[in-house]
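S.K.: Sharing a structure, written as structure tokens. Questions coming.
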Amino acid sequence: MASLVYSMWRDNRSLWNPPLLIIAVFFVYWTSTYLIYSAGYGLASGVLLAIGLFAFPLASFFGSFFLVYNGIILLRREGFSLTNLLSLCVGIFLFIFFSFTYIRISVQSNLFFDYPVINIAFLYIFSTFFIFGTVFVAFLLYSMLYAFIPKRKKYDFIIIHGAGLIDGERVTPLLKKRIDKAVEAFHKSKNPEVMLIASGGRGSDEKISEAQAIVNYVIEETDIPWDRIILEDKSTTTYENLLYSKKIGEELIDNPRFLFVTNNYHVFRTSTYARRLGMCGDGLGCSTARYYIPSAFIREFFAICVRYKWFFIVAYGLLTLLIITLYAGLFS
């Protein structure tokens, strides 16, 4: 617990914080169970232990049904795309995992001993569930905690992250929420000289840049004057949104502080990029349609996994080495 508090005190955007949080939760859980048992409440400690052992598997099992349902709803409302398939695919994977697990512990489990390849496949599926499940829970819990961490109100620049446009020139409801949240932060800022940075380049199917669409909306729909808005229209990714905005801010003042505004599911990953770039500041999230959140959050999680893929490469390398060691005599 002390390590988590110290790490958050140093920088609440650190990627060390999610694993430290899950370790702290685990430590508090086991300590509480032991203290209850030591106090003579054996039944209560047993119930608490059972809850801890079965909560994650049961939540995953019922979550698989929800993810499949949510994936179907998302495809109907947002249309077909690879990203919109994420929640559906994760739900299907969980179905496969629990089906394999049921067969593995059932009477028909001899199938796994007669065909070692099937047993090896199960080991990989089980390990994938455990590795990614643990990391995902840590990422989810800390992202929720990060959203409640109080934000400073004195910033030099407020960055609005762009998103896709309607008809190539008008802001979407999703982007509108980002802009409205940034405008709200602008009015609440304790810095009278704070400025907005509209960030986002022009996509291949867009008539104007996302940054220009943001500027048009702010000028037409809010009371913020045009000379308090900066256009950053070169970026094509979240990382570039921050990189180019940082360069603009540092050209205007020394040691600028930034507030970057995006959707709530996107805030923590954006914050980790900002930390990597050495930016001083915080992330602020706006609301998102409920049906969109599961798929969007899974996408954020996989984006983090891809960026820090070496952790998983090492984990699966060690797993493969262990399996080879266990089955070396069987296949020789």
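The values are calculated or read from the model by the stated rules, or taken from the named source; none is laboratory data. Only a predicted model underlies this, so the values are computations on that prediction, with no experimental measurement involved. Quick reminder, even Gly has a Cβ in these numbers, built from the backbone with ideal geometry, and neighbours come from all protein chains shown. Heavy atoms of the whole protein, side chains included, go into the accessibility calculation; ligands, DNA and RNA do not. Shrake-Rupley method; radii C 1.70, N 1.55, O 1.52, S 1.80 Å.
S.K.: Output the relative contact order of the chain, whole-number percent, from Cα pairs under 8 angstrom with separation of 6+ residues.
M.R.: The value is 16 percent.
S.K.: Can I ask one more? Rounded to two decimal places and with Rh computed the Kirkwood way over Cα pairs, what is Rg over Rh for segment 124-240?
M.R.: 1.10
S.K.: Please build a GNM for the chain, connecting alpha carbons under 10 Å apart, and tell me which residue among 127, 32, 143 fluctuates the most.
M.R.: Maximum among the listed residues: 32.
S.K.: Percent of Cα-Cα pairs more than 18 Å apart in segment 191-332, please.
M.R.: So the pairs more than 18 Å apart make up 68 percent of the total in segment 191-332.
S.K.: Springs between alpha-carbon atoms under 10 Å, Gaussian network over the chain: tell me which of 119, 12, 263 tops the mean-square fluctuations.
M.R.: Sorting by GNM fluctuation, first place goes to 119.
S.K.: How large is the dipole of the chain about the Cα centre if only Lys and Arg carry +1 and Asp and Glu carry -1, each at its Cβ, rounded to the nearest 20 debye?
M.R.: Using only the charged Cβ atoms, the result is roughly 600 debye.
S.K.: Another question, if that's okay. Pick out, from 187, 211, 231, the residue whose Cα sits farthest towards the positive end of the charge dipole of segment 159-231, with +1 on the Cβ of Lys and Arg and -1 on the Cβ of Asp and Glu.
M.R.: Farthest along the dipole direction, towards plus: 187.
S.K.: How high is the relative contact order of segment 1-154? Use alpha-carbon pairs under 8 Å, at least six apart in sequence, and give a whole percent.
M.R.: For segment 1-154, the relative contact order is 23 percent.
S.K.: How about residue 188: which lysines have a C-alpha closer than 19 Å to its C-alpha, ignoring those fewer than 8 places off in the same chain?
M.R.: Those lysines meeting the cut-off are 151, 153, 154, 176, 177.
S.K.: Same structure again: Using a 10 angstrom cutoff on alpha carbons, build the Gaussian network for the chain and name the most mobile of 238, 270, 222.
M.R.: Result for the chain, Cα springs under 10 Å: 222 fluctuates most.
S.K.: Among the complete DSSP H segments of the chain, which ones combine at least 30 Å of alpha-carbon extent along their axis with a mean Kyte-Doolittle hydropathy of 0.5 or more?
M.R.: 17-38, 42-78, 116-148, 309-331
S.K.: Taking the Cβ of residue 285 as the centre, find all other residues whose Cβ is under 14 Å away and add up their charges (Lys, Arg: +1; Asp, Glu: -1).
M.R.: Surrounding charge for residue 285 is +2.
S.K.: Ranked by accessible surface with a 1.4 Å probe, highest first, in what order do 176, 207, 190 come?
M.R.: Sorted descending by solvent-accessible area, the residues read 190, 207, 176.
S.K.: Could you calculate, for the chain, the ratio of the Cα radius of gyration to the Kirkwood radius, expressed as Rg to Rh?
M.R.: Rg/Rh for the chain comes to 1.04.
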